[in-house]
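The structure under discussion appears below in the form of structure tokens.
Please treat every number below as a calculation from the coordinates, not as lab data. This is a predicted model, so every value here is computed, not measured. Here the Cβ is made from the backbone with ideal geometry for all residues, glycine too, and neighbour counts use every protein chain on show.
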């Protein structure tokens, strides 16, 4: 699995002329780092007397952040698979009419998947932003800067994955399918910048 | 070295109640992913007839991006070392007046280092943003979304590392030192958001 690569090797792959891993994998890692940092702030808040009042809430947040981290970490490999499937479909034979039809359909199937994978990444990153905002409000002041990094990472992940949704949705023939995905994406983006900036400001004020 | 850890293990460490790795390491990885993606776009542009006109320029950008990637990758470990040095200094004995004086001085030395490390991360991330902007203008259209992810990652890295500069500069007794670092930080941040947004818009228009 991609997450069992070393950081250095993943970065080498990212920099190389191989098309995968690419921006989609970077988006997943940004989101996963955001989720991990939400968990870290929770872990350093839970069990401290001073924060007893928010302990139960932060336990719930940690649980959700850890689930999102697992999802986002898995997306590093999913993004590669989805991209490779699109490339594979484009590489299918197209000598006969039958082959052409089969190839076109295979490309469309792969493109729909290559839209849904980054959209799922956007969904998870948006959820991380929401959790990071609460963590910045209620987490241990000694590690509040990490809540700020969490929201920035998740927001970069959201917007990065969005670019892949836009690219792939554009090439999808089924415009209802593409439209429904783009609508969901706009809903996920809506308010995300304002919440990120608000959270960053909350963190900066507390430093 | 930290970059030889697997991604999964780094994320586990980030999420754990151990204070390192923390937001500083995440910032360095965001910057390094940005630099790697700049290189990727260059690698997929250089050597293509259609882009012959920008080939020399992109070779120069790739070289700078690769140097920045190496610097940023090394900062994952530097951030841990700088934080641990601060914690170590706070843990020094303070029973006698002599010990107290030595401890205070050790804390200040460590804090200056813990300010300079994230500031260097900001400097490198800002340079990546500048390179990503050119890459988005001139890179291969087929991978232009990766230039968009590059700028978003580097910008998240810049603002994330900035939080650590703010935190540590605040505790530095030498206000001239702190002031000079905060001035440089403001210069690095200046225009970064506008350039990031402009680059993101350029990319979105080209998708």
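Nearest beta carbon of chain A to the A-to-B rotation axis, with distance in whole angstrom: A:156, 2.
What separates the residue B:179 label point from its copies, with the point 7 Å along Cα to Cβ, is 6.1 nm, written shortest first. Seen against the Cα atoms of chain B and their longest principal axis, helix B:192-206 is set at about 30 degrees. Using a 7 Å projection from Cα along Cα-to-Cβ, the label point at residue B:142 is separated from the same position in the remaining copies by 5.3 nm, smallest value first.
Distance between the pseudo-spin-label points of residue A:87 and residue A:59 (7 Å out from Cα toward the beta carbon): 4.7 nm. Considering the stretch A:7-206 at the alpha-carbon level, its Rg and Dmax are found to be 19.4, 73 Å. Helix B:144-170 against the longest principal axis of chain B: what's the angle in degrees, Cα atoms only, rounded to the nearest 10? Taking Cα atoms only, the helix is inclined about 20 degrees. Between copies, residue B:193 shows label-point distances of 1.0 nm, shortest first, with the point placed 7 angstrom from Cα along Cα to C-beta.
Does the stretch A:38-130 classify as rounded, prolate or oblate by the C-alpha gyration tensor (a ≥ b ≥ c root eigenvalues; a/c under 1.5 gives rounded; else a/b over b/c gives prolate, otherwise oblate)? The shape class here is prolate.
Based on C-alpha pairs under 8 angstrom that are at least 6 apart in sequence, the stretch A:7-206 has a relative contact order of 29 percent. Apply the a/c threshold of 1.5 to the C-alpha gyration tensor of the protein assembly as shown and tell me whether it is rounded, prolate or oblate. Verdict is prolate for the protein assembly as shown. Counting only alpha carbon atoms, the long axis of helix A:55-90 and the longest principal axis of chain A meet at about 20°. When both the stretch A:112-178 and the stretch B:143-207 are represented by their alpha-carbon centers, they are found 19 Å apart.
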